[in-house]
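Participant: The following block contains the structure, expressed as structure tokens.
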Amino acid sequence: MIGITVLGATGSIGVSTLDVLARHSEQYRVIALTGNSQVERLHEQCLQHRPQYAVMANEAAAEQLQARLKISAPDVEVLAGAEALEKVASLTEVDYVMAAIVGAAGLRSSIAAAKAGKRVLLANKEALVMSGRIFMDAIRENGAELLPIDSEHNAIFQCMPSDLSHGLGKVGVRKVLLTASGGPFRETPLEMLQHVSPAQAVAHPNWSMGKKISVDSATMMNKGLEVIEACWLFNTDSSKIEVVLHPQSIIHSMVEYVDGSVLAQLGNPDMRTPIAHALAWPKRIESGVSSLDLIAVGNLEFQSVDFGRFPCLRLAFDAFQAGGSAPAILNAANEIAVAAFLEEEITFTDIPDVIEETLSALPSRDVDNLNTVLNDDKSARAVANDIILRRAS
Ligand code: NDP
């Protein structure tokens, strides 16, 4: 039996992961489930999956969960707080860790899993964006495995040779074609963008996801974070990554080789496919995803990206280029700006402005340890919040 911790079990990726695991209960044993505030959902998950540990990052929520489980499943040990997330990511009985906490909140536990030598199923792209080199070193130095859950990166992984230690050029890769749906506002008149509501922004045309990543998809910051993620995962610079709009989200990404071959991975837009792939790799298991009906899909379209419409994408390319702590600053400012947009404190088109102003206010620093990353993350949040307050007054 493979022991698994699901960090962020109550979220969209967490729920899809538990769906796949439930189909293979003879193979995988759930050791720990974590959430932040959704007590009712984590309680139900504990009753179904009977983990040894249930963690609530929020202490008050942990108390409520403890009170519920004391009666319904007293064998489940309830832990509270951010340190408990690191603990359940590093337990000896855990083989695999699904890192599916959203945002910077998932950084420490994702790295803890890498340091403990686990197979890390990485959905929490923000962790890799913030701490790229540190994260990759932790994987390599501790004999951990890193399997991408993002559908694009999982697709690229499936189309790539296994040894990338000497760079993409050495294995004959010419470029990576990272596909993007373009989100809900791909064709919205530019002058309307400042009036779009949070509800419109989170209504993604193809994928059902958490709120933060849905807004990131609408601004295409999600694609920007994915460009940075791809550079770290596949040991390349951003010049080899080309973003291609593909509104149907059927091709999840492609790899072009020097001989002109282009390998693609296709499938229905359902995160259970990359999750099942990463759980079973190098084998395959049933995921519950239906067969791809190409006749029903009919057409696959491709378009170039309009960087004017999606300034967040350019900001992400530039931050990766700047290096050091710039991607962590970009990520922190984006998290603050997206939260403010969801609270209707700023408009949709304010999001890139807040990020750009934050990046201009804070010079990027060399990153050689996690504390630098965490300090710059904190400073960027403070600066971004100030910018938002100034705009409101
Ligand atoms: P959700 O918002 O649906 O879920 C987020 C999870 O993180 C929940 O379990 C939530 O707990 C938990 N969480 C939130 N804040 C904290 C905190 N401070 N400390 C600990 N846990 C916390 O997000 P998604 O599942 O959509 O996304 C998760 C990650 O996966 C993101 O990094 C996203 O970019 C990535 N991803 C998601 C995809 C998708 O299809 N959804 C696709 C590709 C990547 P609670 O629910 O209890 O508040």
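The values are calculated or read from the model by the stated rules, or taken from the named source; none is laboratory data. The shown structure was predicted, so the numbers you read here are calculated from the model rather than taken from an experiment. Don't worry about glycine lacking a Cβ; one is built from the backbone with ideal geometry, like all the others, and counts go over all protein chains shown. In case anyone asks, the SASA skips ligands and DNA or RNA and just uses the protein heavy atoms, side chains included. Shrake-Rupley method; radii C 1.70, N 1.55, O 1.52, S 1.80 Å.
Participant: Starting from segment 336-347, keep only residues that are closer than 12 Å to residue 384 by Cβ, then list their pairs with residues that are small (Gly, Ala, Ser) and open to solvent by less than 10 Å² (accessible area, probe 1.4 Å) whose Cβ atoms are within a distance under 7 Å, requiring at least 6 positions of separation or different chains.
Facilitator: Between residues of segment 336-347 that are closer than 12 Å to residue 384 by Cβ and residues that are small (Gly, Ala, Ser) and open to solvent by less than 10 Å² (accessible area, probe 1.4 Å), the close pairs are 336/384; 337/384; 346/337; 346/340.
Participant: Within segment 1-23, take every residue that is more than 11 Å from the ligand (Cβ to nearest atom) and over 18 Å from residue 119 (Cβ atoms) and give me the one that is most open to solvent (accessible area, probe 1.4 Å).
Facilitator: Filtering first and then ranking leaves 23.
Participant: Taking segment 334-357, which residues are assigned to a helix (DSSP H, G or I) and open to solvent by 10 Å² or more (accessible area, probe 1.4 Å)?
Facilitator: Just the residues of segment 334-357 that are assigned to a helix (DSSP H, G or I), to begin with: 334-342, 350-357.
Across segment 334-357, the qualifying residues are 335, 336, 339, 342, 350, 352, 353, 356, 357.
Participant: Yes or no: segment 249-261 includes at least one residue that is at pLDDT 95 or above, among the acidic types (Asp, Glu) and touching a helix residue (DSSP H, G or I) at 6+ places or on another chain (Cβ under 7 Å).
Facilitator: no
Participant: For segment 171-221: of the residues being in a helix (DSSP H, G or I) and without any contact (Cβ under 8 Å) to a residue 12 or more places away in the chain, which is farthest from the ligand (Cβ to nearest atom)?
Facilitator: Here is the first cut: in segment 171-221, the ones in a helix (DSSP H, G or I) are 171, 190-195, 198-201, 211-219, 221.
Filter once more, keeping what is without any contact (Cβ under 8 Å) to a residue 12 or more places away in the chain: 171, 191-192, 199.
Details: 171: 25, 191: 29, 192: 26, 199: 16 Å.
Top of the filtered list is 191.
Residue by residue, here is whether (1) basic (Lys, Arg); (2) in contact with a His (Cβ under 6 Å, 6 or more places away or on another chain); (3) on the phi > 0 side of the Ramachandran plot holds:
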site: 140; (1), (2), (3): yes, no, no
site: 152; (1), (2), (3): no, yes, no
site: 162; (1), (2), (3): no, no, no
site: 169; (1), (2), (3): no, no, no
site: 173; (1), (2), (3): no, no, no
site: 202; (1), (2), (3): no, no, no
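Participant: Which residue, of 93, 44, 26, 63, is closer than 20 Å to residue 112 by Cβ, open to solvent by 10 Å² or more (accessible area, probe 1.4 Å) and more than 10 Å from the ligand (Cβ to nearest atom)? Step through it out loud before you land on a result.
Facilitator: Numbers: 44 fails: closer than 20 Å to residue 112 by Cβ; 26 fails: closer than 20 Å to residue 112 by Cβ; 63 fails: closer than 20 Å to residue 112 by Cβ.
Criteria check complete, one pass: 93.
Participant: On to the next question. Can you confirm whether segment 121-128 contains a residue that is without any contact (Cβ under 8 Å) to a residue 40 or more places away in the chain, touching a Pro at 6+ places or on another chain (Cβ under 9 Å) and either open to solvent by 50 Å² or more (accessible area, probe 1.4 Å) or farther than 20 Å from residue 329 by Cα (or both)?
Facilitator: yes
Participant: Please specify each residue of segment 247-271 satisfying the condition of being part of a loop (DSSP other than H, G, I, E, B) and in contact with a Leu (Cβ under 7 Å, 6 or more places away or on another chain).
Facilitator: Within segment 247-271, 248, 250, 267, 268 qualify.
Participant: Return the only residue of 58, 36 being near the ligand (Cβ under 8 Å from one of its atoms), out of contact with any Asp or Glu (no Cβ under 8 Å at 6 or more places or on another chain), free of Cβ contacts under 8 Å to residues at least 24 places away in the same chain and within 18 Å of residue 89 (Cβ to Cβ).
Facilitator: 58
Participant: Considering only segment 205-226, state which residues are surrounded by fewer than 23 Cβ atoms within 10 Å (Cβ to Cβ), within 24 Å of residue 255 (Cα to Cα) and of a type in the set (A, V, I, L, M, F, W, C).
Facilitator: The one that is surrounded by fewer than 23 Cβ atoms within 10 Å (Cβ to Cβ), within 24 Å of residue 255 (Cα to Cα) and of a type in the set (A, V, I, L, M, F, W, C): 207.
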